[in-house]
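Engineer: Following this message is one structure expressed as structure tokens.
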Amino acid sequence: MNTLQTKDINFERQKARYDTTELIYYFHKSRENFELKHKMIDTISKTNWGRKDDRYFLPREEIYKRGLEAGISITGIVKNMNLSQEKMWFLKLLVDLPGGLDLHYMMFIPTIETHGTEEQKKYLLPLCHNLKIIGTYAQTELGHGTYLRGLETTVTYDIANKNFKVNSNGISGSKWWPGGLGKTATHVVLTARLIIDYKDYGPHHFIVQVRDLETHKALPGIDVGDIGPKFGINGIDNGYLNFANVIIPKNSMLSRYASIDDNGNYTPPPKSNSKAMYSTMIYVRTMLIDWSGRTLSKAATIATRYASVRRQTPLKDGEPEIQVLDYQNVYGKLIPQVCTSYVLLVNGNIVQDMYNAFEKARKLDDFMMLPELHAITSGLKALTTELASQGIEVCRFCCGGHGYCRTSGLPDIYENYVQNPTWEGENDVLYLQTGRFLLKAFLSGRYTEYTKFLEKRHHNPKLHNNETIIQDNTILDACHIITTHLIKNAIEELKENGKGAPIEFEGMAWNNSTMSIIKASKSFCYSVLVYNFLKEKQYIIQYKKVSPNTLNILDKCLKCFTLNYLDKNTGELLESEFMNKYNIKSMRKQYNELLLELRHQGVSLVDSFGLSDYELNSALGVYDGNAYEELLRKAKESPFNKTEEGPGWDLLQILTGQIRSKM
């Protein structure tokens, strides 16, 4: 259909100064992966579990069943085609229907692989992969989340009977939130405090069966169910779980690192891997960092395409209405979201590579990378999920009233994503974990790849009045200077609150300084995003991954992201004396010029994500630009429009009859 909207979006595409297919293949890691994706879409979109045309009209029960069907079917495809775990998640992300099997693959199996003995893995993993048992990860309680040492559920070893007894020990010890626990899972990885002879050995992992494998009903002493409707992801049956004197066998404890013998003698993990139980959480945080860019890129694509075809209000009377994307206050909000998506996507790949390197070392019982990886993934999980959550809403706002239509795709993207800032570690808590790592590095003088900039902490560089900030080394220096300045402020505050006592990383002084520590930690995480992107840029140049024009557009996206961040932190740049008011004015001018330049590449930039109409499932974000036709078509498909009279006509008949009798 050749409408004005089609003409507008095609005109936008003609402005591209680079080959969009180069970036499509880059983000998909190869042309073959991109082509494979479309073959997969062609297949799964024709299935009942993969169709999306009716997705927005389904009740919760049907969404749950369809999500479960999708999970089971994808498992079958992976098994029959001998696909990798990466390809399995690739399929799940295409279908984009969170379901009851998600944590089985995301946390249950990885925990067994990481913490189980060879004997335990040999027995459990075939059952898991063939879905003979279905598991989830039961850690969070009604009364406790991130603070693992405070968990109330206990697993007490009975020396006489050589088994364990599990108790929730009260309502606040109820396990709460595990995905798939409500109605799907038969087993859980239970994180609970190990008690031996009245001594508390802290949290450990146990495999516990919660439902009968034939009847699917709860086992004796176990109370399990669904927690009810949530803000989003209602295809996942998040559950609650209570234990009352439940007996489990001794081999239930995952014992690769810590173990007990029949007589109750406890062998702790070696000091080098005493934090090994965090490895599953690091794996999940790595996935969340990767998903942040994938999710924000969807919202940015929908909003940018729609803003390019929506025309509203002429600049002068008698002139045509202009594209919404031409308003500075619109492209000034949308283009940063596009650029943030680019930065998050690049960092998602890099962090995944970091985790893979750690996994190789872990299999050799080498945990040297763990402290820094834990700090980086904790902080980046917090920052990336924060940026994505806020960015999705910015994109919705830029679509005006139509963005509130569920068929725009944006409400579902938002409601299914915003759990992430509080899931798998509440963001402020994670910022504080990264902040602890950062402050210890500053105070000790022992640096890693990501903290070596602190070697220059006593230097006080300054930009000259006519010096530009848009060079690679300068923007990274600016990020590091902000971080260094904020770390110094946090340490100063810690010392003041400690009233001269040695700095401690807990207690009242720490608690009274957390706002400053979080600010420093967040700044550090921004610098990590920029550092990683610049490192990737050098890799692209070295191996000629893309052409110079395409590299140039990637560079501009990084600069836009960084200048947006620096513009929000001019106070620190001035306080540190790295910049003066003339530098700030010049930086803002450069930023505004860059925004305008990228506005004219906006549609090409989002096309470069390579997202199909199937993936977006959005009336506003359709590739051909015909948003109005698609909105109306989807409205007519609504079950609410099944009859002309509507579902309340029987009530309206009574009302109209009363009215007519008085006329």
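Engineer: Determine which residues of the range 564-584 fall in the zone a paramagnetic label at Glu593 would reach in this model, i.e. backbone nitrogen under 20 Å from the point 7 Å along Cα→Cβ.
Structural biologist: Under cut-off, by backbone N: 564-568, 579-584.
Engineer: For the chain, which cysteines have no second Cys with its Cβ under 4.7 Å from theirs?
Structural biologist: Cys128, Cys395, Cys398, Cys399, Cys405, Cys479, Cys525
Engineer: Which FRET efficiency, nearest 0.05, do Gln542 and Ser444 yield, Cβ-Cβ r, R0 51 Å?
Structural biologist: Taking R0 as 51 Å, the efficiency between Gln542 and Ser444 is 0.90.
Engineer: Could you tell me whether the range 31-155 comes out rounded, prolate or oblate from its Cα gyration tensor? Rule is a ≥ b ≥ c as square roots of the eigenvalues, rounded for a/c under 1.5, then prolate if a/b exceeds b/c, otherwise oblate.
Structural biologist: The shape class here is oblate.
Engineer: A further question follows. Would you mind counting up the charge near Gln590? Only other residues with Cβ under 13 Å from its Cβ, with Lys and Arg at +1 and Asp and Glu at -1.
Structural biologist: So the environment of Gln590 carries a net charge of +1.
Engineer: Could you work out what % of the accessible surface of the range 285-348 is carbon and sulfur, using a 1.4 angstrom probe and leaving DNA, RNA and ligands out of the count?
Structural biologist: 46 percent
Engineer: Would you kindly state how much longer the chain becomes between Phe34 and Lys230 on full extension, computed as 0.36 nm times their sequence separation minus their alpha carbon distance, in nm to one decimal?
Structural biologist: The span from Phe34 to Lys230 would gain 67.1 nm if fully extended.
Engineer: Just the number please: accessible area per residue for the range 160-221, 1.4 Å probe, all protein chains included, in Å².
Structural biologist: Each residue of the range 160-221 exposes 45 Å² on average to a 1.4 Å probe.
Engineer: Moving on. Taking the full set of protein chains and a 1.4 angstrom probe, give the accessible area of Glu152 in square angstrom, rounded to the nearest 10.
Structural biologist: Around 40 Å² of this residue is reachable by solvent.
Engineer: Here's a follow-up. Hey, what number do you get for the chain at 222 nm if only DSSP H runs of n ≥ 4 count, each worth -39500 (n - 2.57), divided across all residues, to the nearest 500?
Structural biologist: Per the formula, -17000 deg cm²/dmol.
Engineer: Between beta-carbons, use under 11 Å as the cut-off and find the net charge around Leu23, counting Lys and Arg +1, Asp and Glu -1.
Structural biologist: -2
Engineer: Considering only protein heavy atoms and a 1.4 Å probe, what is the carbon-and-sulfur percentage of the accessible area of the range 122-225?
Structural biologist: Ligands and nucleic acids excluded, carbon and sulfur give 53 percent.
Engineer: Roughly how many debye, to the nearest 20, is the charge dipole of the chain about its Cα centre, given +1 on each Lys and Arg Cβ, -1 on each Asp and Glu Cβ, and no other charges?
Structural biologist: 460 debye
Engineer: Nearest 5 percent is fine: what portion of the DSSP beta bridges confined to the chain is antiparallel?
Structural biologist: Just about 80 percent of them are antiparallel.
Engineer: With the crude spin-label approximation of a point 7 Å out along Cα→Cβ, what separation in nm comes out for Ile72 versus Glu629?
Structural biologist: With each label placed 7 Å out from Cα toward Cβ, I get 3.9 nm.
Engineer: According to a simple spin-label model (label point 7 Å from Cα along Cα-to-Cβ), what is the distance in nm between Trp649 and Tyr582?
Structural biologist: In this crude label model, Tyr582 to Trp649 measures out at 7.7 nm.
Engineer: Assign one of three labels to the range 588-663, namely rounded, prolate or oblate, based on the Cα gyration tensor with a ≥ b ≥ c the square roots of its eigenvalues; rounded applies when a/c is under 1.5, prolate when it is not and a/b is larger than b/c, and oblate otherwise.
Structural biologist: Taking the square roots of the gyration eigenvalues as a ≥ b ≥ c, the range 588-663 is prolate.
Engineer: Per residue, how many Å² of accessible area does the range 491-609 show with a 1.4 Å probe?
Structural biologist: 47 Å²
Engineer: Now for a different question. Leaving ligands, DNA and RNA out of it, report the carbon-plus-sulfur percent of the accessible area of the range 520-663 at a 1.4 Å probe.
Structural biologist: About 55 percent, which is the carbon plus sulfur part of the accessible surface.
Engineer: Top to bottom by accessible area (1.4 Å), largest first, where do Phe397, Phe90, Phe57 land?
Structural biologist: Per-residue accessible area, sorted high to low, gives Phe397, Phe57, Phe90.
Engineer: Could you pull out the trypsin sites (Lys or Arg not before Pro) across the range 203-254 that fall in loop regions by DSSP (anything but H, G, I, E, B) with no more than 16 other Cβ atoms inside 10 Å?
Structural biologist: Within the range 203-254, the qualifying trypsin sites (Lys or Arg not before Pro) (loop, at most 16 other Cβ atoms within 10 Å) are Lys217, Lys230.
Engineer: Calculate the spin-label point distance for Leu127 paired with Met1, positioning each point 7 Å from the Cα along the beta-carbon direction, and give it in nanometres.
Structural biologist: Result: 5.5 nm between the two label points.
Engineer: Just to confirm, what accessible area per residue do you get for the range 1-152 at 1.4 Å probe, in whole Å²?
Structural biologist: 49 Å²
Engineer: Given +1 on the Cβ of Lys and Arg, -1 on the Cβ of Asp and Glu, and no further charges, what dipole in debye does the range 423-476 carry about its Cα centre, rounded to the nearest 20?
Structural biologist: 400 debye
Engineer: Assuming a ≥ b ≥ c are the square roots of the Cα gyration tensor eigenvalues, decide whether the range 325-471 counts as rounded (a/c under 1.5), prolate (otherwise, with a/b larger than b/c) or oblate.
Structural biologist: oblate
Engineer: Report, in debye and to the nearest 20, how large the dipole of the range 84-226 comes out about its Cα centre when Lys and Arg carry +1 and Asp and Glu carry -1 on their Cβ.
Structural biologist: Roughly 120 debye for the range 84-226.
Engineer: Among (i) 16, 38, 26, 13, 4, 2, 0, 0; (ii) 16, 47, 31, 6, 0; (iii) 17, 45, 28, 9, 1, only one was calculated for this model; which label is it, if the read-out is P(r) over Cα pairs in 20 Å bins from 0, in percent?
Structural biologist: The listed entry that was calculated here is (ii).
The values are calculated or read from the model by the stated rules, or taken from the named source; none is laboratory data. All figures in this text were calculated on a predicted structure; none of them were measured in a lab. Cβ: placed from backbone, ideal geometry, glycine included. Neighbour counts: every protein chain shown. Areas reflect the complete protein model, heavy atoms only, side chains present, ligands, DNA and RNA absent. Shrake-Rupley method; radii C 1.70, N 1.55, O 1.52, S 1.80 Å.
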